[in-house]
Structure formats: structure tokens, C-alpha cells
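Right, one structure below, let's go through it.
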Amino acid sequence: MNNKMSDVVLVVDDSPESLGMLNVALNTQGYTALVALNGLQALSIVEKVQPDVILLDAVMPEMDGFETCKKLKELLPNTPIIFMTGLTDVEDVVKGFNAGGVDYVTKPISPDEVIARIKTHVNTAKLALSAQDALDHAGKNVFCVSNEGRLAWATPQVHEIIDELAQDNMTPWSTLAESIKTWLNTTVATNITDSSTDTTDTNNHLLINCFTSPFNISYERKQDNLHLLRIVQTSVQKSPEDLKAKLPITKRESEVLYWVSYGKTSWEISQILAMSPRTVNKHLEQIFKKLGVDNRTSAAAISIRILEG
């Protein structure tokens, strides 16, 4: 099965014969091959195009492969570099690894071996990027799925949310996969083809209502064949009833305290609740006594903590 054309391989070798042979082998496997005859050309290319993997000849005139590797790693710290070398001395192999190489193949090159090494290191690099993405989003409600809607990774917060919502569903991610797959192949697929599309638009939200409570999933961005999604947590509007349930106050007192937390004056509260300002103040006196505070600010702080909790 061929790889995506977006998998770019930069081949750096001063031998036109090697370049030609590797170019044919890579194109046959569906890779996009870029070629450079020396280290300076390679550095010039990576300033314009970021390859997924680099095949680098160890022995080249002027700037050798080891020096080239060091400079390439400064520009592309996460891109795997595979040395091609006729040098079998252990010291040269170690020198290649110390320069930043992840692997080496010996000349004469076997195309099948090179392709196998490339596939391994490209996949490893992509998994590392996904893991880094997960770390970058630690503490956020994000997760990543394949084109089939299947989970690739999720932050701990997402696992907690899904487990809580799924209740007795032992395979919640399988339940979600079909809905996410359909959504990705229809609405999202249309929107992400337009670079001007705002991914926060409601068209890029999927309503999930197969668990105990409905929730929305929003589309963040695409990376290779993976999709970064986010669970949108909607804040539930709290009411005076929430204050009454948490505090030793009456229904009317909870209504007064509710509006105090919004910074309303006694006169404004009297208009909202259809009572006199004097009655509002009497309720406040009882509220202060019951909460053990002596002013509106302290009472409001207690209320806000409950309403925003």
C-alpha cells in the first residue's frame, strides 16, 4: 500500500547514480523525493520545505554528512535522519549517532531496506508529534481521532468526562466513533478544505446525545490523518435554588443573595423581586447573620463561589 504524497523524503548524496536509484524507489512507494548533491543544498531546501525524513550520505566533499547532520538538526530537531554510509567502522557509526542520526544503512544501498527504515522512522516521528501534542494540550479537553473516528489519544480530562457521561456503557469510544466518522466525512470535510473557515463556527460542532447528558465536540485542526477535537463544556446557569440548597437560608433570602452576587443595589433588587428596599435590607440582615458575615461583599463572595463552582 502506497504512502501519502505528503510524506517527503530528502535525499542528500553527491552521487547522481545513488540519487537516481533512490528517487525511483521512493516515487514507486508513493513518497515525494527531494534531492540535494551536498550539505549546503540540503540546508537551502529545508528552509523552504520540511521533509518527514532525511537520507544523508556520510562521506561528501566540503561539508561531510556529520557536519551537515548537526546543522540540519538545528533547523529540524524532530525530523529523523538516516545515514547512508560505506563506513562500517564502529567509530563512524557512533559519530553518526552523536551528530543526531537515528539510524544508518550501509552502501551499496538496498532499496527495500531503505524503504523499510523510512516507514519505521516516519511512523515513529508522527507518533512522537502526537504525543507532544497531547503534552501541549495537557489540562485541556482535547482528544485525537483517526479518519474512522477511532480514538488515537486523549487527555486525562477527556477520559474523566467520557467515563462520567457514559455511566454503564463499557465501550463509549466505540459508541462515539461512528458519529464522529460521519461528521468528519460530511460537515467537517467540507469546512476544512476552505482555509478561511473559522473552526470555532457552529458548523464545526457535533452534538453528542447518546450518553446521560448531551455535549458538543468542536473541531480544532488536522494533522496528517489525525483530527484534533475538543469537548465543549457549557456552563450551566445556576439559580437562587442552588444557593438555597447549599446555604441555611430561605427561598426569598436566596433570591436576594443571588442578585447581590451580581452587584445589584437594594433598590435594584427591590424592583426585580417586587418588594420594598426596606424588605430587601431586612432579608440581608438575616443573610449576614446566617452566613456569619457582616457586609454585602463577604456575602456576595460566598454566593459567587457557589454559583461559579
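The values are calculated or read from the model by the stated rules, or taken from the named source; none is laboratory data. Nothing here was measured: the structure is a model prediction, and the numbers come from that model. Here the Cβ is made from the backbone with ideal geometry for all residues, glycine too, and neighbour counts use every protein chain on show.
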| Is there a residue in the range 235-246 that is in contact (Cβ under 8 Å) with a residue 60 or more places away in the chain, part of a loop (DSSP other than H, G, I, E, B) and either on the phi < 0 side of the Ramachandran plot or outside the structural domain of SER179 (by TED's automatic domain parsing) (or both)? | yes
| task | Mind counting the residues in the range 86-114 that are β-branched (Val, Ile, Thr), within 12 Å of ILE54 (Cα to Cα) and touching a residue at least 40 places away in the same chain (Cβ under 8 Å)? | result | 1
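Looking at GLU74, GLU62, GLU91 in this structure, which one is surrounded by fewer than 13 Cβ atoms within 10 Å (Cβ to Cβ) and on the phi > 0 side of the Ramachandran plot?
Every option except GLU62 fails the conditions.
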| query | What is the residue count in the range 63-109 for residues that are assigned to a loop (DSSP other than H, G, I, E, B) and either of a type in the set (A, V, I, L, M, F, W, C) or modelled with pLDDT under 85 (or both)? | reply | 12
| message | Can you find a residue that is among the hydrophobic types (A, V, I, L, M, F, W, C) and either assigned to a loop (DSSP other than H, G, I, E, B) or in the same structural domain as ILE161 (by TED's automatic domain parsing) (or both) anywhere in the range 250-270? | response | no
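More than 17 Å from ASP13 (Cα to Cα), surrounded by fewer than 18 Cβ atoms within 10 Å (Cβ to Cβ) and not acidic (Asp, Glu): which single residue out of THR32, THR124, THR106 fits that description?
Numbers: THR32 fails: more than 17 Å from ASP13 (Cα to Cα); THR106 fails: more than 17 Å from ASP13 (Cα to Cα).
Testing whether each residue is more than 17 Å from ASP13 (Cα to Cα), surrounded by fewer than 18 Cβ atoms within 10 Å (Cβ to Cβ) and not acidic (Asp, Glu) leaves just THR124.
Given the residues THR79, THR85, which is the only one that is of a type in the set (S, T, N, Q), surrounded by 12 or more Cβ atoms within 10 Å (Cβ to Cβ) and under 28 Å from the mean Cα position of the chain (by Cα)?
Details: THR85 fails: under 28 Å from the mean Cα position of the chain (by Cα).
Every option except THR79 fails the conditions.
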| remark: Flagged in the range 251-267 as modelled with pLDDT of 90 or more, of a type outside the set (Lys, Arg) and surrounded by 14 or more Cβ atoms within 10 Å (Cβ to Cβ), in numbering order, are GLU253, SER254, GLU255, VAL256, LEU257, TYR258, TRP259, VAL260, SER266
